[in-house]
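Just below is one structure, and these are the notes that go with it.
The values are calculated or read from the model by the stated rules, or taken from the named source; none is laboratory data. Since we're looking at a predicted model, the values are computed, not measured. Methodologically, a virtual Cβ is constructed for each residue, glycine included, from the backbone with ideal geometry; neighbour enumeration extends over all protein chains shown.
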Ligand SMILES: NC(=O)C[C@H](N)C(=O)O
């Protein structure tokens, strides 16, 4: 049975098991909430709706799923993804590792709000210890809307999780016919159906007639760092600070005083800050030696390393993914040099 953690604050579990057809693969769905599980007051309401549907209702909306796989479902939470927290992420990672270790489970699907889906997907990319498909999926229109996108997205996610073509590709994000890598995929638009459109390196394949096609043979992102979280029950606190004109330099000290063990800085351009903000960061670093990772506030891009700099360059990691990598590294006790090396693994260090 799944590992239980003390203080797990979530709703009553609504576990489901569809009838078993021995000729079909088994897929386990972990439902967490989000728009895919939301209902509006009319079929034209596409903002201001609320989460309410359970995993059983998600599966019931797409009976075609049962032609593809036998489904077991766990209700992990039922929240907007802005409220997904480390308790939920850790619970997911622990349960998924346990599930994928079973010979008769082909793959897993995580239904999730799209707003922070990339964070949970990247967390799983860093902590799941199996080559079987891990597929994160959401929707941009609530289940009650005209042309709701959730049912077809869910069918595609389950199809991919059940497919041998999905093996060895790490954690994936599927939405609107596209298959993206969790390492690189980012939500690009707050509202549009195609919000997970390609970032430069993120797109792995797509669905034609609900069959997953990949552009490439299975491969791992260069520099992926993985962590054994089997004994982990809490993550280190890491805050993200957003750079802009006239940024308040006191925010760095304030974060540290409020318990941050590491900081990520969403810099202007390739990790930049105003002179005052940079001075405040450096003073904090000299006083405490807490790691400060410089990332970018632009939706895509790269922050190069400077060996002379006290900040740690995020490389290809955007602020929200850099935060998760730093949390995991601090949680398992990496030294500052090991943290620097973990970030540097994803890009070539200039000679
Ligand atoms: N499209 C979505 O799923 C947005 C939703 N607010 C969320 O839970 O992230």
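Here is the figure for the stretch 133-156: residues that are in a loop (DSSP other than H, G, I, E, B), within 16 Å of the ligand (Cβ to nearest atom) and crowded, with 24+ Cβ neighbours inside 10 Å total 4. Exactly one residue out of 181, 163, 147 is touching a helix residue (DSSP H, G or I) at 6+ places or on another chain (Cβ under 9 Å) and not assigned by TED's automatic domain parsing to the domain that holds residue 317: that is 181. Is it the case that residue 121 is surrounded by fewer than 23 Cβ atoms within 10 Å (Cβ to Cβ), outside any loop (DSSP other than H, G, I, E, B), more than 11 Å from the ligand (Cβ to nearest atom) and at pLDDT 95 or above? No: the conditions fail for residue 121.
Listed by first and then second residue, the pairs linking a residue in the stretch 73-90 that is outside the structural domain of residue 52 (by TED's automatic domain parsing) and at pLDDT below 90 to a residue that is outside any helix (DSSP H, G or I) and away from the ligand (no atom under 11 Å from the Cβ), with Cβ atoms under 8 Å apart and 6 or more places separating them unless they lie on different chains, form an empty list.
Only residues that are loosely packed, with under 14 Cβ neighbours inside 10 Å and under 18 Å from residue 301 (Cβ atoms) were counted across the stretch 181-233, and they come to 3.
Hey, among the residues in the stretch 53-68 that are part of a loop (DSSP other than H, G, I, E, B) and either closer than 21 Å to residue 193 by Cβ or not assigned by TED's automatic domain parsing to the domain that holds residue 148 (or both), which one's nearest to the ligand (Cβ to nearest atom)?
From the stretch 53-68, those part of a loop (DSSP other than H, G, I, E, B) are 53-54, 61-62, 68; that's our starting set.
Of the ones still in play, those that are also either closer than 21 Å to residue 193 by Cβ or not assigned by TED's automatic domain parsing to the domain that holds residue 148 (or both) are 53, 61-62.
Numbers: 53: 12, 61: 16, 62: 17 Å.
Across the stretch 53-68, the extreme among qualifying residues is 53.
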